[in-house]
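The values are calculated or read from the model by the stated rules, or taken from the named source; none is laboratory data. Quick caveat: nothing in here was measured; it's all calculated off a predicted structure. With ideal geometry, Cβ positions are generated from the backbone for all residues, glycine too; neighbour counts draw on all protein chains shown.
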Amino acid sequence: MSWDVILGYFTGLRLLNPDMGSATLVRTTLVVHTCDAAMCRLFAHNNGYPKNLWTLLGFMFGVWALAVLIILPKRNLRLHEGEARSRGKGT
């Protein structure tokens, strides 16, 4: 099994087009994973998770990281908002 076959199955692109060339596969993977990283950043921000970490995971693992982030529960943001408000009133 060669690297392009592994990359194709890991990204799911091999299932869509088994005859995709290596150069096209790499370029498409970079574009798709960049979009996945942006979506992971958005979901992480909205759900209270570290944005930079999830952006990196989204770029590395693509749709798999996005799926995990969608399944994870939202973090309790009220605790962090309450701390920010108490700091703001003191100054």
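Report yes if LEU66 is in contact with a Cys (Cβ under 9 Å, 6 or more places away or on another chain) and either part of a helix (DSSP H, G or I) or surrounded by 15 or more Cβ atoms within 10 Å (Cβ to Cβ) (or both), otherwise no. Spelling it out, LEU66 is indeed in contact with a Cys (Cβ under 9 Å, 6 or more places away or on another chain) and either part of a helix (DSSP H, G or I) or surrounded by 15 or more Cβ atoms within 10 Å (Cβ to Cβ) (or both).
Number of residues in the range 7-24 that are closer than 20 Å to PHE59 by Cα and assigned to a loop (DSSP other than H, G, I, E, B): the value is 1. Looking across the range 34-61 at every residue that is among the small types (Gly, Ala, Ser) and in a helix (DSSP H, G or I), the one that is surrounded by the most Cβ atoms within 10 Å (Cβ to Cβ) is identified as GLY58. All told, MET20 falls short of being out of contact with any His (no Cβ under 9 Å at 6 or more places or on another chain), surrounded by 13 or more Cβ atoms within 10 Å (Cβ to Cβ) and either of a type outside the set (A, V, I, L, M) or modelled with pLDDT of 95 or more (or both). Across the range 24-33, not a single residue is classified as more than 21 Å from VAL5 (Cβ to Cβ), under 10 Å from the mean Cα position of the chain (by Cα) and surrounded by 12 or more Cβ atoms within 10 Å (Cβ to Cβ). Cβ-Cβ distances below 8 Å connect the following pairs, each with a first residue in the range 39-61 that is farther than 23 Å from PHE10 by Cα, a second residue that is hydrophobic (A, V, I, L, M, F, W, C) and not in a helix (DSSP H, G or I), and a separation of six or more residues or different chains: ASN47/LEU72; GLY48/LEU77; TYR49/LEU72. The set of residues from the range 25-46 being among the β-branched types (Val, Ile, Thr) and farther than 14 Å from MET60 by Cβ comprises VAL26, THR28, VAL31.
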